[in-house]
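Novice: One structure, as structure tokens, below. Some questions next.
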Amino acid sequence: MAPALTPAELTLLGLLVEKPRHGYELDEVITARGMREWTEIGFSSIYYLLGRLRDRGLITEVATGGTGRARARKVFGATDRGREVCAAEAEAAIARPRPVFPPVLVGLASQPLIPPDRLREALAARAAALDERVEAVRRPADAQPDAPAFVRAIFDFSLHQLAAEQRWLSGYRATLEGDR
């Protein structure tokens, strides 16, 4: 059995199951849907990942886009096997919770080493960064009010996770202030 797809590979494969696309179009969709907020996929890695998916027989070149002086772009689409693997991997990703390894927990484990004033500053900086991330997710969500339910669910999940962290952080900061 082939090794499982990485989240970035599954993301690209899912977009190609939706419809054939070239690399630049994949990047545009990833940006428009705010996907970089929840999966590590940079523009520079798209073609590398497409090569991996192609080598595994999950996608194939279906056309070459571009006309006139526009540079020809390879358009990729999912193979039948790619659709099967995508469905199975997506189902597993939904069904099985997997551990996450947020660096904030590593920092908290070493918190006694941080001077109290610096800790408060770091927590305030995290609170500000969370506010920025909420806005970064909300902008593309608000720009797509007619998005399909599964796309809305992704935005909602991300916003709920961020809100949960904001609540936790607010409570933890209050606890620290009470320990003064």
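Novice: Charges only on Cβ, +1 for Lys and Arg, -1 for Asp and Glu: so what's the dipole of the stretch 11-104 about the Cα centre, in debye to the nearest 20? Let's see the in-between values first.
Specialist: Values: 15 positive and 12 negative charges, 53 e Å.
Computed charge dipole of the stretch 11-104: roughly 260 debye.
Novice: First compute the accessible area of the chain with a 1.4 Å probe, then give the percent of it belonging to carbon and sulfur atoms.
Specialist: Numbers: 6740 of 11660 Å².
The value for the chain is 58 percent carbon and sulfur by accessible area.
Novice: Mind ranking 164-177, 37-50 by how tightly packed they are, going by the mean number of other C-beta atoms within 10 angstrom, highest first? Don't jump to the answer; show the numbers that get you there.
Specialist: On the way: 164-177: 12.4, 37-50: 14.9.
Highest mean packing first, the order is 37-50, 164-177.
Novice: Same structure again: Which of these values of Cα extents along the principal axes in Å was calculated from the structure shown: (1) 95, 34, 31; (2) 66, 40, 29; (3) 70, 31, 24?
Specialist: (2)
Novice: While we're here: Which helices, taking whole DSSP H runs in the chain, have alpha carbons extending 15 angstrom or more along the helix axis plus mean Kyte-Doolittle at least -0.5? Don't skip to the answer; put the middle values down first.
Specialist: Numbers: long enough: 7-18 (17 Å, 1.28); 43-55 (19 Å, 0.12); 80-95 (23 Å, -0.09); 116-143 (41 Å, -0.54); 149-178 (43 Å, 0.06).
Once both thresholds are applied, what remains is 7-18, 43-55, 80-95, 149-178.
Novice: With charges only on Cβ, +1 for K and R and -1 for D and E, what is the dipole size of the stretch 107-180 about its Cα centre, in debye, rounded to 20? Numbers along the way, then the final one.
Specialist: Numbers: 10 positive and 11 negative charges, 28 e Å.
It comes to approximately 140 debye.
The values are calculated or read from the model by the stated rules, or taken from the named source; none is laboratory data. It should be emphasised that the depicted structure is a prediction, and the values quoted were computed from it without experimental measurement. Backbone-built Cβ (ideal geometry, glycine too); neighbour counts: all protein chains shown. Only protein heavy atoms, including side chains, enter the accessible area calculation; ligands, DNA and RNA are left aside. Shrake-Rupley method; radii C 1.70, N 1.55, O 1.52, S 1.80 Å.
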